[in-house]
Amino acid sequence: MKKFDVIIIGSGVVGSSIAYHLSEYKEHEILLIDKDFPLSGTSGSTQAWVWVHTKVPSWYGELSLYSAELYPILEKKIGDVEYNRTGGIAPFFNEAEREKAYRLAEKQAEVGIDIKVLTKDEVLEMEPYLSSKIAGATFSKLDGTVNPFRLVELYVKAARKNGVKTSYYNRVLDIVKSGNGYQVKTERGTFLTTKLILAGGPWSKDLGELLGIHIPIKQVRGQIIITEPLQPFLKYTIGGIRQTVNGEVLIGYSKEEVGYDRRTTLDVIQQTAKMAIDFIPALAEANIVRTFAGIRVMPLDELPILGQIPGLPGAFIAAMHSGITLSPIVGTLMAELLTEGETSLDITRYSLSRF
């Protein structure tokens, strides 16, 4: 039974970020385990926004802000992840929403998130292809996008360079508390560790059950349309829609609680297409090249679950929606927690004990 200082279960964007950031300390022998491979789950089926300005409560928005600010530094360390701070527009279609937008801007300003509430004319001047039926929008320069495939690939590559071991296509069958550590029983044998991190995304609830704890997360499907490559015409990331570097437009906003079912369905794809045309009428002429679905990791209150697992010394969890946005800050904080026993930001609000 091979022994490690830290075992991380789950090699998506959150698990691979933790592995990389922890490996920078060069103090731990680390194993990263996954039942499949790093981009086979949620991290490989996402629109990959780095989205800040509408994240509420404001202290959650603040965490997202700090994470977005880390992306330029991260790129210098691990390589080009195609981070693009485009700015983000969240349109609204009636004047009743304007007052909500002003309240959002006022609250987010308290934590340093600058939001402009735009008139219809201001929005259309910035993004002419948006529908003339909109009433206005909120806008922030802080939002952007990233290439999730490059991001996860480069996290893992940098972690391996720092000595992290990986074990893919290796399902965890059981986790047993053993002395001052844990036995992680897998399809390829049993590993020992003094510190264990659950970062299994949609499977976090199942991993928790192996430890006899309840992790309150839902699996929420989102379906996405991808168009043919088009001439660049969208300057900003828009709520539900973004254009990639190669011209494809990704469209998606649906939320369905159907378990781990990654099939696409005609009714939701039709609704998604209608939403896209309502927002950007010119998309009615675009050809669709494919559709896909991903499974969001959604804690019951929709806020991250982060930190030590109550009652299980040496066991930690990182489960959240918006893993792409949050991966730099979560990796940083979890590495601090495991190495120094404390974090540079207070993560008490994100504890599993709140449920």
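The values are calculated or read from the model by the stated rules, or taken from the named source; none is laboratory data. The structure displayed is predicted, hence computed values, not measured ones. Positions of Cβ are generated from backbone atoms using ideal geometry, with glycine treated the same way; all protein chains shown enter the neighbour counts. These area figures cover heavy atoms from the full protein model, side chains too; ligands, DNA and RNA do not enter into them. Shrake-Rupley method; radii C 1.70, N 1.55, O 1.52, S 1.80 Å.
Observations on the structure shown:
- Protein accessible area in the range 2-62, 1.4 Å probe - carbon and sulfur %: 53 percent
- Once the chain from Ala282 to Lys185 is taken as fully extended at 0.36 nm per residue, the excess over their C-alpha distance is 29.6 nm.
- Using the 1.4 Å probe convention, the accessible area of the chain works out to 44 Å² per residue with neighbouring protein chains retained.
- Lys/Arg +1, Asp/Glu -1 at C-beta; the chain dipole; positive extreme among Ser167, Ser64, Val297: Ser167
- Peptides 154-166, 110-122 ranked from most to least packed by the mean count of surrounding Cβ atoms within 10 Å: 154-166, 110-122.
- Probe 1.4 Å - accessible area at Trp59, Å² to nearest ten: 70 Å²
- Cβ-derived FRET efficiency at R0 25 Å, Glu340 paired with Leu192, nearest 0.05: 0.60
- The distance between label points at Glu209 and Glu228 comes to 4.6 nm (points 7 Å beyond Cα on the Cα→Cβ vector).
- At an R0 of 45 angstrom, the distance between the Cβ atoms of Glu29 and Val245 translates into a FRET efficiency of 0.75.
- Computed with a 1.4 Å probe on the full set of protein chains, the accessible area for Ile78 sits at about 20 Å².
- The value of relative contact order for the chain, using C-alpha pairs under 8 Å at least six residues apart, is 24 percent.
- Taking the C-alpha atoms only, the angle from helix 13-23 to the longest principal axis of the chain is near 50 degrees.
- Relative contact order %, the range 255-349, counting alpha carbon pairs below 8 Å whose residues are six or more apart: 18 percent
- At the residue level, His28 shows approximately 40 square angstrom of accessible surface with a 1.4 angstrom probe and all protein chains present.
- A simple spin-label model places the labels of Arg160 and Arg349 3.8 nm from each other, with each point 7 Å out along Cα-to-Cβ.
- This model, with +1 at the C-beta of Lys and Arg and -1 at the C-beta of Asp and Glu, gives the chain a dipole about its Cα centre of some 880 debye.
- Placing Leu104, Leu266 in order of accessible area, with the largest value first and a 1.4 Å probe, yields Leu266, Leu104.
- Paramagnetic label reach from Lys116 (point 7 Å along Cα→Cβ; backbone nitrogen cut-off under 17 Å): within the range 216-245, residues 235-239.
- The value of relative contact order for the range 44-164, using C-alpha pairs under 8 Å at least six residues apart, is 39 percent.
- Assuming charge only on the beta carbon of Lys and Arg (+1) and of Asp and Glu (-1), the dipole of the range 155-250 about its Cα centre is about 360 debye to the nearest 20.
- Modelled FRET efficiency - R0 30 Å, Arg290 with Asp261, Cβ distances, 0.05 increments: 0.95
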